[in-house]
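Heads up, the thing below is written out as structure tokens.
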Amino acid sequence: MAEDGKEESVATDDESDHTAADGTGSLNNTMVEEGSTLLRRMEICVAEAEKRSGKNAVNMQETFTVYLIETRPMDAVVEGRNPAPDALWRRYSEFELLRNYLIVTYPYIVVPPLPEKRAEFVWHKLSADNMDPDFVERRRVGLENFLLRVASHPVLSNDQILYHFLTEEHGWKEVVYETGFQAKADSRLRALSATFRVRNPDKRFMEMKHYSDELQSHTSQLLRARARVADRLYGVYKVHGNYGRVFSEWSAIEKEMGDGLQSAGHHMDAYAASIDDILEEEEHYADQMKEYLFYAEALRAVCRKHELTQFELEMASQDLISKKQQREELATGIVRTFSFKGMTNKLFGQEAPEQREARLKLLEELIAEGEDTVKEKTLECEEHVEKAWVDMQRFKEQKDKDLREALINYAVMQISMCKKGIQVWGNAKECFLKM
């Protein structure tokens, strides 16, 4: 479901502020060019997963999974050459670090989500163990989908840290931390967790934030319903094994009817056993829905960032207005609003001219700084709104296409499953007719 690298009409501004610091200057920039996505120039896949053991940061033994990333220049593939791919191993935590860097560096982008770290919305026969081979395989597919989405994004795909992640097994973490993104990440978390009210938010972003809440709600309800159906479906299929057992035992006491009963029993046994493969296939469709469950949070984060920039602009504007009012009151001697300073002047008299001039001079400096701050915040807010809205429209087109495809394929699978049930009973009928 990842994008196919189709060029988007999103202009990539000079991203020099968003790439790694001096440490990335030595990277091979032949792969990192402006104007085309990385996926058009590099074949990327997460080929396999492997369980390993080692000591963690506190020197305790732990078991973890690593994933093999293979890359190959696309021009070699197009030309028919088949060179050995470049390969390196990454842990899930390294994918998390990459995504956190992208979120902080590109706050106006709906950054693709990672697959779940631990299984959610599981039905009772599905293992919730994050080391379960089936879960690890689904996560491998999800991690590959994440890389394909990022590598096909018109902005994210040109980030040098991403290229370093894909091509340099050692040292890439140091390059990430050298960008200083962690300090920005901590500041962002504190800001986004704070409670504040915006007076004049962009209506489009408020509607999009509400939509993200609804999208998360509906997808989670759908996944819960699907898990409940899977539970019951598993039981219905497995109970058909009882038909198989009864028909097989019955066939032992019948002469004319024996062959027909035994054949019907075999069909029922096969039908009962088929549910395991069916529900395993269903999990892949469920994972596609989960991706958009997690996408909802990424969409909400972009809207929340707009609220934060708008709030900072409003606070800076309010502070500037207050400073200008203080200057006017000090210059004219007329206090328009109640203040402790005004009450003090009434009780103890006006301050000396030298003090007044010093305060006026300080206020002028603060007003000049405030005007610069308002200009800066206005520009930041306008830039975020413009870039974020473009990316949210891109996301909307992608979402509509992906969810339509996933739901159609899921419906086709359900129809196929029902046809299989009809076929099994049709075969049983033929067996009974031959008795």
Per-peptide average of other Cβ atoms within 10 Å, ordering 272-284, 149-161 highest first: 149-161, 272-284
Environment charge of D86, counting only residues whose C-beta is closer than 11 Å and scoring Lys/Arg +1, Asp/Glu -1: -3
Estimated vicinal HN-Hα couplings, Hz - region 403-412 in sequence order (Karplus 6.51, -1.76, 1.60; Gly, Pro = x): 5, 4, 5, 5, 5, 5, 5, 5, 5, 4
Pairwise FRET efficiency - K419 versus V246, Cβ, R0 = 30 Å, nearest 0.05: 0.75
J(HN,Hα) series, region 91-96, from Karplus relation 6.51 cos²θ - 1.76 cosθ + 1.60, nearest Hz, glycine and proline x: 8, 4, 4, 6, 4, 4
Proximal lysines to K51, defined as alpha-carbon separation beneath 27 angstrom and excluding residues fewer than eight positions away on the same chain: K117, K125, K173, K290
Around E116: net Lys/Arg minus Asp/Glu count, Cβ-Cβ under 10 Å: +2
Heavy atoms of V175: accessible area, 1.4 Å probe, square angstrom to 10: 10 Å²
FRET efficiency, K117 to M206 (Cβ-Cβ, R0 25 Å, nearest 0.05): 0.20
Residues V229 and E430, FRET efficiency given R0 of 41 Å [Cβ-Cβ distance, rounded to 0.05]: 0.85
Whole-Hz ³J(HN,Hα) from phi, Karplus 6.51 cos²θ - 1.76 cosθ + 1.60, for region 382-392, glycine and proline x: 5, 5, 5, 4, 5, 5, 5, 5, 4, 6, 5
Full-extension gain in nm, Q182 to K324, via 0.36 nm per residue minus C-alpha separation: 47.4 nm
Residues whose placed amide H lies under 5 Å from that of E48, excluding near-sequence neighbours: L68
Estimated distance in nm for a label pair at E397 and K361, the labels positioned 7 Å out from Cα along Cα-to-Cβ: 5.9 nm
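The values are calculated or read from the model by the stated rules, or taken from the named source; none is laboratory data. Fair warning: this is a prediction, and the values are worked out from it, not measured in the lab. Because the Cβ atoms are built from the backbone with ideal geometry, glycine has one as well, and the counts that use them run over all protein chains shown. For the accessible areas, the whole protein counts, side chains as well, though only heavy atoms, and no ligand, DNA or RNA atoms are used. Shrake-Rupley method; radii C 1.70, N 1.55, O 1.52, S 1.80 Å.
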